[in-house]
Each structure stands twice: as C-alpha cells, then as structure tokens.
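Input: a single structure, listed below in structure tokens.
The values are calculated or read from the model by the stated rules, or taken from the named source; none is laboratory data. Predicted model, so just to flag it, every value in this text is computed and none were measured. Ideal geometry is used to build each Cβ from the backbone, glycine not excepted, and the neighbour counts take in all protein chains shown. Calculation scope for accessible area: heavy atoms of the full protein, side chains included, ligands and nucleic acids excluded. Shrake-Rupley method; radii C 1.70, N 1.55, O 1.52, S 1.80 Å.
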Amino acid sequence: MVDAGTLMLTEETLVEGLREGKNWAFREVLNRYGPALLGYAKRLVGDRDEAEEVVQDAIVAILHHIERFEGRCSIRSWLFRIVHHKAIDHLRRTSRFVKAPDQEPYAESFETGGHWKDTPASWGRNPESQADARKMLELIRDLIEQLPNNYKEIIMLREIYQMDTQEICNVLEVSSVHARVMLHRARQALYKLLEQALQEPVESLM
Amino acid sequence: MDFMRCDAMVRRLSEIVDGEASCGERFGFYFHMSICWKCRRYMRQFKQMRTLTGQVQVEELPDDFAEVMSRVLQSEAEGATQHSESLLRSEGMLIGQPVWIKK
Ligand SMILES: [Zn+2]
C-alpha cells in the first residue's frame, strides 16, 4: 500500500505524514536519509556508536519541530544541518575539533611570478585500470578522515552527497563565496594528502 | 584572472570543473591548459581524484536502527510526559499521538 508508493513520495507528502505522526513517514525519513546521515556523522565524530546517537538526536529534533518546518530548505538540508551542529558540539566538548589553517594549501607551490616551483608529481596511476582506481578509492576514503573537520565536511557534502553550492550553504550556514573557497581548499588539501601517499613506496599501499 | 599565471589557474580550478565559471574564464583557462602541461597534469589528477571521491560508499544503517529510533522516541515521550507534557504539546510532539511513539 503506502510502502509501494514511497519511491514516488514528494517532500510535501512526507512532511504532511510526519506532522500527522504517520509511521510510514518516519520509516521513509530513515530509509531516505538515515544512511547518508550516519556516514556523515561517523566521519565527523569518528565513532560508529556516537554517530548513531548524533543521528538519533537529529531525527528526534526534526520530529519535535516538524510543525515549524516551512519548506524554505529541504528536509535533507535540515537534517544535515542538525547533524553538523551536533557533531561539531560533540567534537568541541571532547576537544577533538580541528579547524583548517587559514591559508591556501598550495600557496607555497608557486614562484612570485605565478609559475609552479616544482612540477606537480605524476601519480603514475592509470585511471582506466580497475586495480589502480580501486586502490586510489580506498586511499581517498582513508585520507578524507585525516582532513580538518571543516574540509572533511564540505568534501562529503559535495562529492559524496552531491549537494550543490546552495544546499551546502543551507547546511553549513555560510555564504556561497565562502562555501566555494572552502570547497576548493578542501579538495586541494585532499589532493596534497593523496600526492604524498602516492609517493610512498607501492608496498605501503598494499 | 591572469591567464598566464599557473597559481591563478589552480585557484579557480574547482569553479571550472564544477561548471561555475563564466564563458570568458573558461576560454582563458583552457587556453592556459593548451600551453601548460604542468597545469594540465594537475587538472587531470584533480579531476580523477574528484571522480573517485564521489564513489566513496555511504554508510549502511544497522538493521535494528528503526526499532532503536522508535524506542528513543518512546522514552523521550514518556520521560517528557512526566516533566513537561505541555511543552511537548506546544512543540507538536504529542499532537494526535504520533504512531511511532507507540509500541
Ligand atoms: Zn600553468
């Protein structure tokens, strides 16, 4: 019945269902956004159990306040925003919040005239090769964890959850200029980590 | 944007690959790429990294997550009923008794 049609559910119907306290609406929120939220929270707080708590808190919060939902942003942005706040709170409380330095990751790679000081290293990987691609994918997944929190967040929102700049602004509550600068710095920081990792002997990647 | 400077190209790379740069900027950018193999290499690897990052798997929910959530909501509602039912009512939590807080 309702379950069969959940794929076709619009956001309005979902919000309506939540307001009326429908079980299917609650399940649909979990199915639709739960895994993404959990992945996001886990990469931010670093621990699966803590991440589950953060996601639970976020969903409880959204159910508590569904009456006030005005539809100016999506449910997804709203949920991610709550997880963002809760995760940052959590990290601050446990003194684990790491912010990126206020400097471009590649500021020192160029001469005063604007040319490369050193040639950017070739990764020596063949992107067409499945083995290389899989190895790099695993490496990237691990390296994301090493990024400062604000870089980690924006990389996840854009690359993994495919949010556009506007949605990222809604989640992180920053201006679009700020979001673009941060996204680019985050990608460059990840690139730098990847570059360093790929320069290590091949054995260490195995 | 100074199209002869590599640092200017690298700084705008995200806007280019995300399709957020203007026509003029794109033209200047690709002109620079046609004459600068260092930036070309950086761009190629940057794009490769971006594509791969998009393939990082999202987490799966534990099987009992919905049940755990229901319990969390239930205990929230029960605890709150004793303390501040009126507050929750004002927040819409208890209006019409949402089914997810029933067993
Ligand atoms: Zn160049």
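At q = 0.11 Å⁻¹ the log10 of I(q)/I(0) for the protein assembly as shown amounts to -0.77, computed by Debye summation with a single uniform scatterer per C-alpha, solvent ignored.
Longer than 18 Å from Cα to Cα, which of A:99/A:135; A:117/A:192; A:86/A:192; A:135/B:38; A:117/A:152 are they? Say none if no pair is. Could the numbers behind the result be given before it?
Details: A:99/A:135 28 Å; A:117/A:192 15 Å; A:86/A:192 29 Å; A:135/B:38 24 Å; A:117/A:152 28 Å.
Pairs exceeding 18 Å: A:99/A:135; A:86/A:192; A:135/B:38; A:117/A:152.
Relative to the longest principal axis of the Cα atoms of chain A, the long axis of helix A:75-93 lies at roughly 60 degrees. Legend: calculated FRET efficiency, residue B:34 to residue A:119, from the Cβ-Cβ distance at R0 = 25 Å, rounded to 0.05, equals 0.90.
If R0 is 30 Å, the Cβ-Cβ spacing of residue A:12 and residue B:25 corresponds to a FRET efficiency of close to 0.20.
Computed from protein heavy atoms with a 1.4 Å probe, the total accessible area buried between A and B is close to 5000 Å². Burial annotation for region A:41-73: residues with an accessible-area loss of at least 20 Å² between the isolated chain and the complete set of protein chains, computed on heavy atoms with a 1.4 Å probe, are A:42, A:43, A:48, A:52, A:56, A:60, A:63, A:64, A:67, A:68.
A helix-only calculation puts chain A at -20000 deg cm²/dmol for mean residue ellipticity at 222 nm, using -39500 (n - 2.57) for each DSSP H run of at least four residues, averaged over all residues.
In Å, what Kirkwood hydrodynamic radius results for region A:11-93 from the alpha-carbon pair distances? Numbers along the way, then the final one.
Working: mean 1/r = 0.0778 Å⁻¹.
By the Kirkwood definition, the hydrodynamic radius is 12.9 Å.
Counted by Cβ distance under 9 Å from residue A:75, the other residues give a net charge of +1, where Lys and Arg count +1 and Asp and Glu count -1. Among A:12, A:159, A:111, which one shows the biggest mean-square fluctuation in a GNM of chain A, springs joining Cα atoms closer than 10 Å? For chain A, modelled as a Gaussian network with Cα springs under 10 Å, the answer is A:111.
Partner aspartates and glutamates whose Cα lies under 13 Å from the Cα of residue B:47, excluding those fewer than 8 positions away in the same chain, are identified as A:159, B:15, B:18. About its Cα centre, the dipole of the protein assembly as shown is roughly 820 debye, where the only charges are +1 on Lys and Arg Cβ and -1 on Asp and Glu Cβ.
Along the charge dipole of the protein assembly as shown, Cβ charges K/R +1 and D/E -1, which of A:197, B:27, A:38 sits furthest on the positive end? Most positive-ward Cα: B:27. Summed over the residues of region A:121-205 and divided among them, the accessible surface reaches 45 Å² per residue at a probe radius of 1.4 Å. For the pair region A:69-136 / region B:1-70, the C-alpha centres are spaced 11 Å from each other.
Annotation: amide H of residue A:110 within the under-5 Å range of A:117, sequence separation 5 or more or interchain, hydrogens built in the peptide plane.
At an R0 of 30 angstrom, the distance between the Cβ atoms of residue A:64 and residue A:200 translates into a FRET efficiency of 0.05.
Of the three principal axes defined by the Cα atoms of region A:121-205, the extents in descending order read 42, 21, 20 Å.
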